[in-house]
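The values are calculated or read from the model by the stated rules, or taken from the named source; none is laboratory data. Keep in mind that what you see is a predicted model, and the values were worked out from it rather than measured. Virtual Cβ from ideal backbone geometry, glycine too; neighbours counted across all protein chains shown. Heads up: the accessible areas ignore ligands, DNA and RNA and are worked out on the full protein's heavy atoms, side chains in. Shrake-Rupley method; radii C 1.70, N 1.55, O 1.52, S 1.80 Å.
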Amino acid sequence: MLRALAVDDEKPALEELLYLLRADPRILSAEGATDATGALRRIGRALEAGPAGEDAIDVVFLDIHMAGLTGLDVARLLTGFARPPHLVFVTAHEGFAVQAFDLKAVDYVLKPVRRERLAEAVRRVCESAAAARPGPEAAGPPATAEQIAVELGGVTRFVPVDDIAYAEAQGDYARLHTDTGSHLVRIPLTTLEERWAARGFVRIHRRHLVALARIDELRVDAGSTTVRIGSAELSVSRRHARELRDLLMRRARG
């Protein structure tokens, strides 16, 4: 059960969002704020109370364009806290999905908000909250289901990073390949390499970044090295070949 805060400076939009949230059985409580300052004050009380306190908030549904501080400003401020609430952006503008991804948003919902689409956002928050919740024998930091925003037919979707087999450089863009298709994102491959290194992605070529766990075969033939990932065969540059072989050998040894 989630405790939600909805933030929108347009009162009719806020009332509609609260109505939809309160109708969802997974939402324990939903309250509203009409500006960023009020939202930050309320979130501050929640952070002081801790996750088990009466004033706790699990998720913030946040509009982007507001008078004064924007929703993006609020999100940036929250990244400075050790345990901020989950974030879902609710906006009429499609052009901020990449910033939402950078700010670790769980989802990005476009206005006008449809009941089914909001229910999907709530489901994703529930999954993210469950993944971050330490078990009785958990050790180390909690796992998070990181996602990346992609555009598909004018609709913003979030693809789990764990579903991506490899990424291919296309200028200032990167094409992400999954088992079910590919998606073009306006993020350079070098940026993805830095972000995903801890998730087991390795550079094998100036054009390719691959998930180490998704490599099915490494082949060396007449001095050239290739890897097979599903039906795709990718070249490995000489400068990366030895490091890749070492990584695969260490992985095979367990």
Problem - the chain: relative contact order in percent, alpha carbon pairs under 8 Å with at least 6 residues between - result: 10 percent
Completion exercise
Distance in Å, no decimals, from the C-alpha centre of the stretch 186-226 to the one of the stretch 62-113 is 31 Å
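Extension gain Ser237-Asp172, at 0.36 nm per residue separation less the Cα-Cα distance, in nm? Please report the intermediate quantities before stating the final value.
Values: separation 65, 0.36 × 65 = 23.40 nm, distance 2.05 nm.
Separation in residues times 0.36 nm, less the Cα-Cα distance, equals 21.3 nm.
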Exercise for the section: Taking 7 Å along the Cα-to-C-beta vector as the label spot, tell me the Val220-Glu54 distance in nanometres, rounded to one decimal. Expected result: 6.8 nm
Problem - Inter-site label distance for Arg199 and His65 at 7 Å from Cα along Cβ, in nm - result: 3.0 nm
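Determine the calculated [θ] at 222 nm for the chain from helices alone, applying -39500 (n - 2.57) to every DSSP H run no shorter than 4 residues and normalising by the residue count; nearest 500 deg cm²/dmol. It would help to have the intermediate numbers written out before the result.
Working: 7 runs with 82 residues, N = 254.
Taken over the chain, the calculation gives -10000 deg cm²/dmol.
Suppose R0 equals 25 Å; then what is the FRET efficiency for Lys104 and Leu247 from their Cβ-Cβ distance, rounded to the nearest 0.05?
Numbers: r = 27 Å, r/R0 = 1.09.
It comes out at approximately 0.40.
Sort Tyr166, Tyr19 by heavy-atom solvent-accessible area, probe 1.4 angstrom, most to least.
Working: Tyr166 30, Tyr19 135 Å².
I get Tyr19, Tyr166, largest accessible area first.
Quick one: with all protein chains in place, what share of the accessible area of the chain is carbon or sulfur, to the nearest percent (1.4 Å probe)?
On the way: 6960 of 13970 Å².
Carbon and sulfur atoms account for 50 percent of the accessible area of the chain.
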Exercise for the section: Quote the FRET efficiency, to the nearest 0.05, computed for Arg76 versus Leu212 with a Förster distance R0 of 41 Å and r equal to the Cβ-Cβ distance. Expected result: 0.80
